[in-house]
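So the structure is just underneath, and the comments pick up after that.
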Amino acid sequence: DTEVTQTPKHLVMGMTNKKSLKCEQHMGHRAMYWYKQKAKKPPELMFVYSYEKLSINESVPSRFSPECPNSSLLNLHLHALQPEDSALYLCASSPLIPRNEQFFGPGTRLTVL
Amino acid sequence: DAKTTQPNSMESNEEEPVHLPCNHSTISGTDYIHWYRQLPSQGPEYVIHGLTSNVNNRMASLAIAEDRKSSTLILHRATLRDAAVYYCIPRGSGGSNYKLTFGKGTLLTVNP
């Protein structure tokens, strides 16, 4: 199984809502990532987890809260988002061996009203 | 992170070879050169990577200049499925080597 799955595919939320994005992989990868991609722009790294510990936070606002409950799952909790947070949120995973490829999920298309 | 320069867009015909260039003149000696692509409405997909020697895999070939300041991704016979944005990404081998910093990439259009 070389797949990264993400749910939901689409999400519409108001600025006062709390929602979560979910990512799952069963490749035994110990590094997992969240990226944000605005329309017509390249993906931008948000967070990196290695061995279920947060290792990189690219100065992401606290209204985005990542969580890695186990080695297969990665969540992104969303609270009090702004309309400018509307984007495609991509999850990826990779082995911790340096320079190995990252496997990306199809993303969750988030719209904040 | 090393800066990259890629053409904004390129066009090819189906079944013809495609050469996608990338300049990375500030690359460090230990940075690998990775290529990813992103098909419409999908997440990015790994294509190939290399350090100094030319590399081949089932998807593409990677030609790296001797001074490592540029590289070229070669698709030997383009298909319609190869239409995508192609990203060239120098990737460090230090503590932040798990990061992928995407540039603007090249939008490849393949004509039938």
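Values quoted throughout were computed directly from the atomic coordinates according to the rules given, and no laboratory measurement underlies them. It should be emphasised that the depicted structure is a prediction, and the values quoted were computed from it without experimental measurement. Glycine gets a Cβ as well: all are built from the backbone with ideal geometry, and neighbour counts include every protein chain shown.
Taking every residue in A:40-53 and counting other chain Cβ atoms within 10 Å of its Cβ, the average works out to 3. Taking a cut-off of 17 Å between Cα atoms, list the aspartates and glutamates near B:K69, but don't count ones fewer than 8 places away on the same chain. Leaving aside aspartates and glutamates fewer than 8 places away in the same chain, those within reach of B:K69 are B:D1, B:D31.
The alpha-carbon atoms of the stretch A:1-48 define a convex hull whose volume equals 119 cubic angstrom per residue. Remark: mean inter-chain Cβ contacts per residue of B:37-45 equal 5, using a 10 Å Cβ-Cβ cutoff to other protein chain atoms.
Each residue, A:L96 and B:I74, gets one label point 7 Å from its Cα in the Cβ direction; the gap between the two is 3.8 nm. Calculation over all alpha carbon pairs of the protein assembly as shown in 5 angstrom steps from 0 returns a P(r) of 1, 7, 14, 18, 18, 16, 12, 8, 4, 1, 0 percent.
Working ranking of peptides A:23-29, B:84-90, A:101-107, A:55-61 by packing, defined as the average number of other Cβ atoms within 10 Å per residue, highest first, is B:84-90, A:101-107, A:23-29, A:55-61.
Near B:L39: Cβ cut-off under 14 Å, other residues only, Lys/Arg at +1 and Asp/Glu at -1. The net charge is 0. For the stretch B:24-100, the square roots of the Cα gyration tensor eigenvalues, ordered a ≥ b ≥ c, give a/c of at least 1.5 with a/b no greater than b/c, which places it in the oblate category. In order along the stretch A:101-113, phi translates into HN-Hα couplings of 5, 9, 9, 9, x, x, x, 10, 8, 9, 10, 10, 9 Hz, rounded to whole numbers, per the Karplus curve 6.51 cos²θ - 1.76 cosθ + 1.60 with θ = phi - 60° and x for Gly and Pro. Between B:D67 and A:L113, the modelled labels are 5.7 nm apart [label points 7 Å from Cα along Cα→Cβ]. Relative to the Cα centre, the charge distribution of the protein assembly as shown, modelled as +1 at Lys and Arg Cβ and -1 at Asp and Glu Cβ, gives a dipole magnitude of about 520 debye.
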